[in-house]
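The values are calculated or read from the model by the stated rules, or taken from the named source; none is laboratory data. Predicted model, so just to flag it, every value in this text is computed and none were measured. For neighbour counting, all protein chains shown are included, and Cβ atoms are generated from backbone atoms with ideal geometry for every residue, glycine included.
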Amino acid sequence: MKKKAVFFTFSALLLLTVAFTGILFQTRYSVSEENELVSFKTSSLNSFVLSLDQDIERGLFIAGFRALISADQVVSGSGEFLNDSESAIREAMVNGTINGKSVSMMNQSTIGEWLSRIESEATKMGIIVNFSYVSLEINQTNPWEVGYKATIIYNVTDFTGTADFRREGGVETEVSIDGLKDPLYTVFTSGKIIRAINMTAYEGNYVSGVDTTNLKEHINSLMYANSSGPSYLMRLEGNLGNSSVGIESIVRLPDLQEQGLPVYERSCVDYIYFGNDTPEIYVINNTFEDWLRIDDAHLEKYRVEGVAE
């Protein structure tokens, strides 16, 4: 993204404001006129601050999105999971590194670099902005989005010192995981199978009676369902535990066979298939009876109680 695009929400307003104000202050005014000018500058600076909040949020979103891609690239490149996904993503967003090594996706996209560009551009417009980065929180807010909250303090002043704002607060945004690669497939298949996360269109409507059309489409289209399985952040760590904001897919065993990978007689729910648990499994009729197996805990989830044996 070009630098100028970062500031489109307020640059035109400020250029006009600063130019107009500069002309006005070239002459002397009465007290009432000066009060009006102060009010005008204060109002203009307030508009700047409102636009500034939007640009900080935009910068946080871009940094968060690029950090997720960076984390995926590190996992793909090393063939190993991250030790702590939240710490790795935070490191990428703040320092432009993961495990101490630079990641190219974060070039000119860290939080600090974004704030520095805002400060620089504001100076050109007659505005002094000073940022103090305080903290960054990262969490899986729901099955399909990673949430970010940055606490930032900043002071905004015009060159004449007539108007001044100080603000401290949290800026929040969420980044979708749709389209990102699933680390479980990347690592457990040694990179031979790459699965992109794709939210299912059939949640709660996989099977009707013995009609399994939707379930088969869900499986063949490589879709993901929300579940009590591991979240995306947990998957980056290879953590196969439970989560209230988890996701899951059905492993297509023929795809493994085509890549010369071993095939096991176990539940095809991904985090179970790639894990060590061995719950009771069932053949699901009217689907792919030669290979599809679902564990008892997922029969109700996929509405297959009536076609399981």
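Per-structure values
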item: Test set (1) under 22 Å from SER116 (Cα atoms); (2) polar (S, T, N, Q); (3) free of Cβ contacts under 8 Å to residues at least 60 places away in the same chain - SER176 fails condition number; result: (1)
item: Residues of the stretch 222-260 satisfying the condition of being farther than 17 Å from ILE272 by Cβ, among the hydroxyl-bearing types (Ser, Thr, Tyr) and not in a loop (DSSP other than H, G, I, E, B); result: TYR232
item: Residues of the stretch 266-309 classified as under 36 Å from the mean Cα position of the chain (by Cα), acidic (Asp, Glu) and closer than 19 Å to SER208 by Cβ, total; result: 2
item: Evaluation of ILE219 against (1) β-branched (Val, Ile, Thr); (2) exposed (fewer than 15 other Cβ atoms within 10 Å of the Cβ); (3) in a helix (DSSP H, G or I) (one fails), failing number; result: (2)
item: Selection count, the stretch 106-126, where residues are within 27 Å of the chain's Cα centre (by Cα) and not in a helix (DSSP H, G or I); result: 4
item: Any chance ASP84 is at pLDDT 95 or above and over 17 Å from THR186 (Cβ atoms); result: yes
item: Selection status of GLU203, of a type in the set (Asp, Glu), within 25 Å of the chain's Cα centre (by Cα) and assigned to a loop (DSSP other than H, G, I, E, B); result: yes
item: Considering residues of the stretch 188-204 that are in contact with a Lys or Arg (Cβ under 9 Å, 6 or more places away or on another chain) and surrounded by fewer than 17 Cβ atoms within 10 Å (Cβ to Cβ) only, the residue farthest from LEU68 (Cα to Cα); result: GLY204
item: Conditions (1) farther than 20 Å from GLY204 by Cβ; (2) in contact with an Asp or Glu (Cβ under 7 Å, 6 or more places away or on another chain); (3) of a type outside the set (A, V, I, L, M); number of the one not met by ASP270; result: (1)
item: Near pairs, Cβ below 7 angstrom, 6+ apart or cross-chain, from the stretch 281-309 (at positive phi) to any residue that is surrounded by fewer than 19 Cβ atoms within 10 Å (Cβ to Cβ); result: ASN286/VAL210
item: TYR264 touching a Lys or Arg at 6+ places or on another chain (Cβ under 6 Å), of a type outside the set (A, V, I, L, M), without any contact (Cβ under 8 Å) to a residue 60 or more places away in the chain and not assigned by TED's automatic domain parsing to the domain that holds GLY147; result: no
